[in-house]
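The values are calculated or read from the model by the stated rules, or taken from the named source; none is laboratory data. As the structure is a prediction and not an experimental result, all values here were calculated from the model. Cβ placement follows ideal geometry from the backbone for every residue including glycine, while neighbour counts extend to all protein chains displayed.
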Amino acid sequence: MKKIILLGSFFSLAAWAVSCKQQPAADAPAPVTKDSLVKRGAYLVSTMGCDDCHTPKVMGPQGPAPDMEHRFAGHPSTEKLPPRGPKAGMDGWVLFSMGQTATVGPWGVSYAANISSDTTGIGLWSEPQFFNAMRKGKWKGLENSRNLLPPMPWRNFQGLTDADLKAMYTYLLSTKPVYNVVPAWEPPAGPPPAPVASN
C-alpha cells in the first residue's frame, strides 16, 4: 500500500513538474525586440509632449496642430521670426513663436532641435549622446558642449530609466527623416534688467 501511495505521489509530482516546464511563468518579462522598443518609445515620446516643441504646427479647424508631414523637424529653417525689441525676453516675459518651436527669454532665442532620424536631426547621434542630452542637458549630447536652453525640460527626464531612454532613442531613429537645419541659438538682445530694490 505504501508503495502505491509513494508511486502515485511520484507520478503526481512528475506531472506537475512537466506542466510547469511547459507553461511560461505569467510574470516573465517579454523579450526585448526592436519592435517592442519602437512601440514603447512611440508611447513615451507621444505622452511626454515632444511634439509640442519639436514638431512645427499647421492651422486646423481646432487651432494649431502638429504638422505630421514634418514631425520632429524642430524649428523650420524657412520660418523667420518677427523683429524683437531690445528688451524682449528681459522684461519678465517669455515669448513663443506661433508654432511653439522658438522661444525668446533672458537666455536669448532658443530653437527647438530637429529630433527626426535625418542627419540634420539625431540620425548620426550615438545612444550615449542621446542619454547625455536627456540626463545632463548637453547640446547634441556632447560632454563639453553648452547646456540645453529653455524651454527644453531635460531635468524632468533625468529620472527616466535606461530602458525608457533606449526605447525613445530607438523610436526616434525609426521615424521619417526630415531635412531641416535649425537656426543657431541667438544671444540676448541686451543686458538683463537691473534688479529692483525691495523696501
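Structure summary
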read-out	value
Considering residues of segment 69-97 that are within 21 Å of Trp107 (Cβ to Cβ) and among the small types (Gly, Ala, Ser) only, the residue farthest from the chain's Cα centre (by Cα)	Gly85
Checking Ala189 against (1) at pLDDT 95 or above; (2) assigned to a loop (DSSP other than H, G, I, E, B); (3) surrounded by 14 or more Cβ atoms within 10 Å (Cβ to Cβ), the condition it does not meet	(1)
Residue that is exposed (fewer than 14 other Cβ atoms within 10 Å of the Cβ) and either under 26 Å from Leu165 (Cβ atoms) or at pLDDT below 80 (or both), where the choices are Thr55, Thr47	Thr47
When residues of segment 61-91 are limited to those that are out of contact with any helix residue (DSSP H, G or I) (no Cβ under 8 Å at 6 or more places or on another chain), small (Gly, Ala, Ser) and modelled with pLDDT of 90 or more, the one nearest to Leu149 (Cα to Cα)	Ser77
Selection within segment 30-63 - farther than 30 Å from Gly159 by Cβ and assigned to a strand (DSSP E or B)	Val58, Met59, Gly60, Gly63
Residue, farthest from the chain's Cα centre (by Cα), within segment 154-163, restricted to residues that are modelled with pLDDT of 95 or more and not in a helix (DSSP H, G or I)	Thr161
Those residues of segment 164-183 which are touching a residue at least 60 places away in the same chain (Cβ under 8 Å), in a helix (DSSP H, G or I) and of a type outside the set (Val, Ile, Thr), in sequence order	Asp164, Lys166, Ala167, Met168, Tyr169, Tyr171, Leu172, Ser174
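Quick grid of which residues meet (1) without any contact (Cβ under 8 Å) to a residue 24 or more places away in the chain; (2) crowded, with 21+ Cβ neighbours inside 10 Å; (3) under 25 Å from Gly63 (Cα atoms); (4) under 15 Å from the mean Cα position of the chain (by Cα):
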{"position": "Gln100", "(1), (2), (3), (4)": "no, no, yes, no"}
{"position": "Val109", "(1), (2), (3), (4)": "no, yes, yes, no"}
{"position": "Asn114", "(1), (2), (3), (4)": "no, yes, yes, yes"}
{"position": "Asp118", "(1), (2), (3), (4)": "no, no, no, no"}
{"position": "Gly121", "(1), (2), (3), (4)": "no, yes, no, yes"}
{"position": "Ser126", "(1), (2), (3), (4)": "yes, no, no, yes"}
{"position": "Phe131", "(1), (2), (3), (4)": "no, no, no, yes"}
{"position": "Arg135", "(1), (2), (3), (4)": "no, no, no, yes"}
